[in-house]
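Let me give you the structure first, and then I'll get to my questions.
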Amino acid sequence: MQVQTVGVIGAGQMGNGIAHVFALAGYDVILSDISPESLEKALDTVGRNLDRQVARDRISLEERNTAMGRIQTTNTLEAMHDADLTIEAATENEEIKREILSALVPHLKQGAYIATNTSSISITRLAASTDRPERFIGLHFMNPVPVMKLVEIIRGIATDEQTYHMAQEVVSKLNKVPANAEDFPAFIVNRVLLPMINEAVYTLYEGVGTVEAIDTAMKLGANHPMGPLQLADFIGLDTCLSIMQVLYEGLADTKYRPCPLLVKYVEAGWLGRKTGRGFYDYSGDTPVPTR
Ligand code: CAA
């Protein structure tokens, strides 16, 4: 089946970026979220990010407007009947993802593909909540989606060759670069990146350095574009914690134990940029370190 219409479930940080790049690459996009406010916010974000690309001469105004026109929004999963490929990009919680996938399946046409943007959860287990594990695959985009070149492709135990080829073709049409990862907890990027972020939080927790010192050290000392605590706020501290928990439980090794300070921040609702506070306070014009 040729993929022309792509459904995206979840209009959050990743969902809006995924809708953005598919629409820009010429796909028709159906963006779905239970919250009308999230959909409105997502369209606004896509519009602003496309404007940014116009301002930097990356795309023309006409391409911007055509891409915006290709995105339709919906509060239900019924419209996914038209999708050749549906990408689940809901919150990083296995129970929620499984519920969405079970609710999605009755609306899909025969032969339609399903992908998940999970950043850590087993593709094989998620595929088992659908009626088509052979047409199910992991497509893991990086944040910010319009900028980051990589997409991890993860096959579950039942994923067939046709679905894998479809994934490769889609990634190449988006002008992104694939990396194949086996279906192990957190795949490649987050298996390496999240323990580094967690260690930065331990470094803060143990008083080895302040937020500013840790981020400056890694930006200037290791040439990272963002410091690890700034990056944690950017990813979302709830997502960072979920990924560490998947690593800790999935690999049964104490080296993946989430830092208690990360747990405490999430319990406090300090989830990073999206809530206005994490390791930095985002209430003013420039972020201010909180420790
Ligand atoms: N949409 C479109 N364009 C965007 C954008 C967005 N959301 N955000 C930034 N840009 C563009 C800018 O317009 C600019 O474009 P040009 O190159 O054409 O000038 C370019 O990106 C650089 O942006 P800025 O100049 O504003 O800022 P910067 O140089 O500080 O870069 C950044 C911003 C690209 C986010 C950079 O800080 C960076 O690479 N940070 C690290 C990001 C990272 O590691 N992401 C992975 C997170 S892990 C993950 O996603 C996996 C997971 O599951 C948790």
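Going through the range 66-121, which trypsin sites (Lys or Arg not before Pro) have at most 12 other Cβ atoms within 10 Å and a DSSP loop state?
Working: sites: Arg70, Lys97, Arg98, Lys109; in loops: Arg70, Lys109.
The qualifying sites are Lys109.
Find, among the trypsin sites (Lys or Arg not before Pro) in the range 111-191, those assigned to loop by DSSP (not H, G, I, E, B) with at most 13 other beta-carbon atoms within 10 angstrom. Each step should come with its number before you reach the end.
Values: sites: Arg125, Arg135, Lys149, Arg155, Lys173, Lys176, Arg191; in loops: Lys149, Lys176.
Within the range 111-191, the qualifying trypsin sites (Lys or Arg not before Pro) (loop, at most 13 other Cβ atoms within 10 Å) are Lys149.
Here's a follow-up. In cubic angstrom, how much convex hull volume per residue do the alpha carbon atoms of the chain span?
Values: hull volume 37.9 nm³, N = 291.
Given the Cα convex hull of the chain, per-residue volume reads 130 Å³.
Would you mind calculating the gained length between Glu169 and Ile96 on full extension (0.36 nm times residue separation, minus the Cα-Cα distance), in nm to one decimal?
Working: separation 73, 0.36 × 73 = 26.28 nm, distance 2.86 nm.
Full extension of this stretch gives 23.4 nm more.
Sticking with this one: Ignoring ligands, DNA and RNA, how do Tyr27, Tyr248, Tyr282 rank by accessible area with a 1.4 Å probe, largest first?
Details: Tyr27 5, Tyr248 85, Tyr282 50 Å².
I get Tyr248, Tyr282, Tyr27, largest accessible area first.
Excluding Glu95 itself, what net charge comes from residues whose Cβ is under 15 Å from its Cβ, given Lys and Arg +1 and Asp and Glu -1? Show your work: numbers first, answer last.
On the way: positive: Lys97, Arg98, Arg125; negative: Glu88, Glu92, Glu94, Glu99, Asp238, Glu249.
Local charge sum for Glu95: -3.
Now for a different question. Report the FRET efficiency, 1/(1 + (r/R0)^6), for Arg58 and Ala252, where r is their Cβ-Cβ distance and R0 is 41 Å, rounded to 0.05.
Numbers: r = 45 Å, r/R0 = 1.09.
Step by step, r from the Cβ atoms, then E = 0.35.
Among the lysines, which have Cα under 20 Å from the Cα of Lys255 when same-chain residues fewer than 8 positions away are ignored?
Lys264
How big is the gap, in Å, between the Cα center of the range 135-196 and the Cα center of the range 44-113?
Centre-to-centre (Cα) distance: 17 Å.
Okay, moving on. Using modelled amide H (1.01 Å from N, peptide plane; none on Pro or chain starts), what sits under 5 Å from the amide H of Thr73, excluding residues fewer than 5 places away?
Leu31
Oh, and also: With θ set to phi - 60° and the Karplus curve 6.51 cos²θ - 1.76 cosθ + 1.60, what are the ³J(HN,Hα) couplings of the range 141-149 in order, to the nearest whole Hz, using x for Gly and Pro?
Whole-Hz 3J(HN,Hα) from phi for the range 141-149: 8, 9, 9, x, 4, x, 9, 7, 7.
Taking the highest mean first, how do the peptides 250-263, 48-61, 72-85 order by number of other beta carbon atoms within 10 angstrom per residue? Write down the numbers at each step before the final one.
Values: 250-263: 14.9, 48-61: 13.2, 72-85: 17.9.
Answer by packing, highest mean first, reads 72-85, 250-263, 48-61.
Under unit Cβ charges (Lys, Arg +1; Asp, Glu -1), what dipole magnitude, rounded to 20 debye, does the range 1-103 have relative to its Cα centre?
Approximately 400 debye in magnitude.
At most 11 other Cβ atoms within 10 Å and a DSSP loop assignment: could you name the GluC sites (Glu not before Pro) in the range 198-275 that fit? Intermediate results must be reported in sequence, preceding the final value.
Working: sites: Glu199, Glu206, Glu212, Glu249, Glu267; in loops: Glu206.
Sparse-neighbourhood loop GluC sites (Glu not before Pro): Glu206.
For the range 162-291, with only Lys/Arg (+1) and Asp/Glu (-1) charged at the beta-carbon, what is the dipole magnitude about the Cα centre, in debye rounded to 20? Could you put the intermediate results ahead of the total?
Numbers: 11 positive and 14 negative charges, 33 e Å.
Its charge dipole is roughly 160 debye.
In addition: In whole Hz, with x marking every Gly and Pro, tabulate ³J(HN,Hα) for the range 121-135 from phi via Karplus 6.51 cos²θ - 1.76 cosθ + 1.60, θ = phi - 60°.
7, 4, 5, 4, 5, 5, 4, 5, 8, 10, 8, 9, x, 6, 9
Note down the magnitude of the dipole of the chain about its Cα centre, charges +1 on Lys and Arg C-beta and -1 on Asp and Glu C-beta and zero elsewhere, to the nearest 20 debye.
Values: 26 positive and 36 negative charges, 103 e Å.
Value, rounded to 20: 500 debye.
Net charge near Glu134, counting Lys/Arg +1 and Asp/Glu -1 over other residues with Cβ under 13 Å of its Cβ? Please report the intermediate quantities before stating the final value.
Details: positive: Arg132, Arg135, Arg155; negative: Asp131, Asp160, Glu161.
Its environment carries a net charge of 0.
Starting at 0 and stepping by 5 Å, how many percent of the alpha carbon pairs of the range 190-289 end up in each bin?
Computed distribution, short to long bins: 3, 14, 25, 26, 20, 9, 3, 1, 0.
What number comes out for accessible area per residue over the range 5-181 if the probe is 1.4 Å? Units Å², please.
Numbers: 7700 Å² over 177 residues.
Each residue of the range 5-181 exposes 44 Å² on average to a 1.4 Å probe.
Take the Cβ-Cβ distance between Asn65 and Lys41 as r, set R0 to 25 Å, and report the resulting FRET efficiency rounded to the nearest 0.05.
Once rounded, the FRET efficiency stands at 0.80.
The values are calculated or read from the model by the stated rules, or taken from the named source; none is laboratory data. Keep in mind the model is a prediction, meaning the values are calculated, not measured. Note that each Cβ is placed from the backbone with ideal geometry, even for glycine, and that neighbours are counted across all protein chains shown. When the accessible area is computed, the model is the full protein with side chains, heavy atoms only, and any ligands, DNA or RNA have been set aside. Shrake-Rupley method; radii C 1.70, N 1.55, O 1.52, S 1.80 Å.
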